[in-house]
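K.L.:
I'd like to ask some things about the structure below.
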Amino acid sequence: MAFHLPVYKAPDFAALHLNEAPDVVFCPAEQDGVMPEGYHATTMFPEYFRVNGTWLLAEESRMDCVAVLRDGRIAVVEFRNVKAGEMVALGRTEDGSDGIYVHTTGFGGGESGQESFSFRQGRSRETAYSIDYDDIYELLRYERDHGKILWVMGPACAFDADARNAFAALVRAGFVDGVMAGNALATHDLEAGYLGTALGQDVYTQRSVPNGHYHHIDTINAVRRCGSIEKFVSTGKVKDGIMLECVKKKVPYVLVGSVRDDGPLPEVYASVYEGQDAMRNLIREATTVVCMATTLHTIATGNMTPCYRVVDGVVRPLYFYSVDVSEFAVNKLRDRGSLSVKTMVTNVQDFIVHIARNLCG
């Protein structure tokens with residue numbers, strides 16, 4: 001089946017009786033990072049702000065930020081990045097009565113005729129995912145040619161030989177436009193390519209090797225000696241894997257650290273705010289996001305990701321997948337407000353292998 005993007009239907013402000021709605025009120029920020037009382041917090045949906053009688057779409061959005069009027073456009077800005085005196089939109093309603101309209105049905109609503117009661121409407125280990133796989137195969141083929149595919153990865157993606165080989169094949173075939181992860185994913189993938197282990201276990205047999213508990217910190221030390229992941233890869237000591245292929249294909253990656261990191265690798269952001277900025281810069285380009293086996297990075301990415309993207313002036317959906325063996329992990333993302341996410345409860349190594357086998361042969 002051929003994939004087609006759904007057509008976005010902008011709100012009909014006349015039909016909504018909003019042609020005479022008031023302009024949104026703006027008020028200057030009191031201090032750097034301090035918003036005026038009654039500020040409007042943005043959502044994941046397309047939002048329109050009435051300015052001088054015209055409804056303006058906030059083209060780059062994310063939830064839990066504020067709308068700032070900059071150069072006649074609506075900018076969606078994190079609290080910490082708002083400067084004193086910048087004009088911040090006020091209003092806690094979303095129906096246009098305060099000059100703010102949140103559009104939740106631009107890509108269509110629910111299916112007509114759907115029964116109000118039916119079994120197995122949630123997403124769990126019992127869900128049949130065959131159609132989800134078929135959908136994502138077609139989506140990724142489309143996005144390779146027409147969009148940007150961003151992958152958010154936990155270390156489980158590097159603990160298995162087949163999973164590493166499968167994702168490396170996806171990189172080579174052009175299905176990866178960016179990677180976001182923590183120190184662990186890159187460390188254990190490089191450890192596997194360098195020493196054949198992940199956390200000291202053979203990546204194929206899972207057998208522990210003598211002194212294997214040194215391997216990940218030996219790898220970090222070797223990378224730090226070279227000065228960067230790219231320079232370490234250029235030595236030829238890394239034989240295969242995810243980071244090797246990203247370096248060879250010049251795929252951008254953002255690694256954001258945590259309080260428990262060893263090392264870390266040279267490219268890992270120690271400042272969470274610098275890391276957040278780097279993540280958001282990568283997310284700005286993404287039209288499909290696939291998060292795999294990393295609860296905190298998935299939630300962080302979800303909070304930065306709207307349900308739409310404006311590409312060449314056209315509003316299109318942004319597709320968001322969360323894949324984890326834990327129902328808790330995928331449901332927690334939805335509980336945090338990422339309502340457009342498609343969740344798949346499955347082993348992430350099997351997921352990667354299925355995707356690569358279908359897309360790369």
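The values are calculated or read from the model by the stated rules, or taken from the named source; none is laboratory data. Quick caveat: nothing in here was measured; it's all calculated off a predicted structure. Cβ: placed from backbone, ideal geometry, glycine included. Neighbour counts: every protein chain shown. What goes into the accessible areas is simple: the full protein's heavy atoms, side chains included, and nothing from ligands, DNA or RNA. Shrake-Rupley method; radii C 1.70, N 1.55, O 1.52, S 1.80 Å.
K.L.:
Would you check if there is a residue in the stretch 223-241 being in contact with a helix residue (DSSP H, G or I) (Cβ under 9 Å, 6 or more places away or on another chain), closer than 30 Å to E327 by Cα and acidic (D, E)?
P.N.:
no
K.L.:
Only one of (1) of a type outside the set (K, R); (2) under 23 Å from E78 (Cα atoms); (3) more than 13 Å from the chain's Cα centre (by Cα) fails for N303. Which number is that?
P.N.:
(3)
K.L.:
Return the pairs, sorted by first residue and then second, in which the second residue is assigned to a helix (DSSP H, G or I) and of a type in the set (D, E, K, R), the first residue lies in the stretch 196-221 and is under 17 Å from G241 (Cα atoms), the beta carbons are less than 7 Å apart, and the residues are 6+ apart or on different chains.
P.N.:
Pairs found: T197/E191; A198/E191; V203/R164; H215/E191; H216/E191; T219/E191.
K.L.:
Now for a separate question. I'm trying to understand the selection: among the residues of the stretch 321-345, which are without any contact (Cβ under 8 Å) to a residue 60 or more places away in the chain, among the hydrophobic types (A, V, I, L, M, F, W, C) and open to solvent by 60 Å² or more (accessible area, probe 1.4 Å)?
P.N.:
V325, F328
K.L.:
Of the residues P306, P264, which is open to solvent by less than 30 Å² (accessible area, probe 1.4 Å), in contact (Cβ under 8 Å) with a residue 24 or more places away in the chain and in a loop (DSSP other than H, G, I, E, B)?
P.N.:
The unique qualifying residue is P306.
A quick yes/no check of all residues on (1) open to solvent by 20 Å² or more (accessible area, probe 1.4 Å); (2) more than 13 Å from M180 (Cα to Cα):
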| site | (1), (2) |
| --- | --- |
| A198 | no, yes |
| R207 | yes, yes |
| K239 | yes, yes |
| P252 | yes, no |
| R260 | yes, yes |
| V268 | no, no |
| V272 | yes, yes |
| C291 | no, no |
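K.L.:
Another question about this same structure. So which residues in the stretch 45-63 are in contact (Cβ under 8 Å) with a residue 60 or more places away in the chain, open to solvent by 10 Å² or more (accessible area, probe 1.4 Å) and not hydrophobic (A, V, I, L, M, F, W, C)?
P.N.:
E59, E60, R62
K.L.:
Look at the stretch 81-111 and say how many of its residues are outside any loop (DSSP other than H, G, I, E, B) and either modelled with pLDDT under 95 or surrounded by 12 or more Cβ atoms within 10 Å (Cβ to Cβ) (or both).
P.N.:
Final tally of qualifying residues: 8.
K.L.:
Oh, and also: Under 9 Å between Cβ atoms, at least 6 apart or on separate chains: pull out the pairs that start in the stretch 133-153 with a residue that is under 14 Å from I355 (Cα atoms) and in a helix (DSSP H, G or I) and end on any residue that is open to solvent by 10 Å² or more (accessible area, probe 1.4 Å) and of a type in the set (K, R).
P.N.:
D135/K342; I136/K342
K.L.:
Against the conditions (1) open to solvent by less than 70 Å² (accessible area, probe 1.4 Å); (2) farther than 30 Å from L140 by Cα, where does R225 fall short? Just the number, please.
P.N.:
Going through the list (1) open to solvent by less than 70 Å² (accessible area, probe 1.4 Å); (2) farther than 30 Å from L140 by Cα, R225 breaks only (1).
K.L.:
Which condition does V348 not pass, out of (1) open to solvent by 10 Å² or more (accessible area, probe 1.4 Å); (2) more than 23 Å from S61 (Cα to Cα); (3) not charged (D, E, K, R), if it passes all the others?
P.N.:
Looking at each condition in turn, V348 falls short on (1).
K.L.:
Here's another thing I want to ask about it. For the stretch 134-160, which residues satisfy the criterion of being open to solvent by 10 Å² or more (accessible area, probe 1.4 Å) and under 24 Å from V256 (Cα atoms)?
P.N.:
Of everything in the stretch 134-160, those that are open to solvent by 10 Å² or more (accessible area, probe 1.4 Å) and under 24 Å from V256 (Cα atoms) turn out to be K148, P155, A156, F159, D160.
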